[in-house]
Amino acid sequence: MGSETFTFGQVPVPNIGFGCGNDNEGRGFTQGAGLVGLGRGPLSLVSQLGTGKFSYCLTSIDDSKTSSLLFGSLASSVNTNGVSVTTPLIRNPSQPSFYYLSLEGITVGDTRLPIEKSTFALKEDGSGGVIIDSGTTITYLEATAFKLVKNAFEEQIKLPLADGDSAGLDLCFSFPRLIKSSTTTI
């Protein structure tokens, strides 16, 4: 681990701790030249800057526009359409680096799934709960909730099923090249 002065725009910030590596590869991380930690832990960039908050707006993977990452007071000052939607993030003392949220339920298309709110509750012993993590590619759900989500997708997506076993995936669809997709919202 080393420390250096990082410059954000025109503002230099001294003594930012960072790690270095020669072979920065892992599952799903073969093309990245770096990784920025935004968690609540003491070594995350957010914690080291002492700003207490950040926001980001990620453009579509196919978009040529740039994405933005804002810290501190700037994080709550940018609003392009006049409407801001927020949700409180919950702290879990047994996992202090993660961001937890209170998940009220899941809707697929127009169908609210019959999942008890307690399924996603953070328990007093620190177990359970729902972590929101922009670096995790796949959503992981409790088994009963997953079955309900899976069944709802199978009912609403009118495409043939495909074998996803080789990728470790439970539900995949065969998507013909010339088909126009009807979007199902979750």
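Do you know which of the residues in the stretch 111-131 that are farther than 22 Å from SER94 by Cβ and surrounded by 13 or more Cβ atoms within 10 Å (Cβ to Cβ) is modelled with the lowest pLDDT? Per the criteria, the residue is THR111.
Against the numbered list (1) within 26 Å of ASN22 (Cβ to Cβ); (2) touching a residue at least 40 places away in the same chain (Cβ under 8 Å); (3) of a type outside the set (Asp, Glu), PHE71 comes up short only at (1). LEU103: in contact with a strand residue (DSSP E or B) (Cβ under 9 Å, 6 or more places away or on another chain) and in a loop (DSSP other than H, G, I, E, B), yes or no? Yes. Could you tell me whether any residue of the stretch 113-131 is acidic (Asp, Glu), assigned to a loop (DSSP other than H, G, I, E, B) and within 18 Å of the chain's Cα centre (by Cα)? Within the stretch 113-131, none of the residues are acidic (Asp, Glu), assigned to a loop (DSSP other than H, G, I, E, B) and within 18 Å of the chain's Cα centre (by Cα). Determine, yes or no, whether THR119 is over 17 Å from GLY41 (Cα atoms), in contact with a Ser or Thr (Cβ under 8 Å, 6 or more places away or on another chain) and among the polar types (S, T, N, Q). In short, yes. For the stretch 8-18, the set of residues classified as within 28 Å of the chain's Cα centre (by Cα) and either over 15 Å from GLY50 (Cα atoms) or not in a strand (DSSP E or B) (or both) consists of GLY9, PHE18, listed by residue number. The single residue among SER134, SER102 that is closer than 30 Å to LEU43 by Cα and exposed (fewer than 11 other Cβ atoms within 10 Å of the Cβ) turns out to be SER134. One residue stands out in the stretch 42-61 among those that are in contact with a Lys or Arg (Cβ under 8 Å, 6 or more places away or on another chain) and of a type in the set (Val, Ile, Thr): the one that is surrounded by the most Cβ atoms within 10 Å (Cβ to Cβ), namely VAL46. Put simply, of LEU148, LEU169 the only residue that is modelled with pLDDT of 95 or more, surrounded by 11 or more Cβ atoms within 10 Å (Cβ to Cβ) and either among the aliphatic types (A, V, I, L, M) or part of a loop (DSSP other than H, G, I, E, B) (or both) is LEU148.
The values are calculated or read from the model by the stated rules, or taken from the named source; none is laboratory data. Everything quoted here is computed from the prediction, not taken from an experiment. Counting neighbours? That spans all protein chains shown, and the Cβs are built from the backbone with ideal geometry, glycine included.
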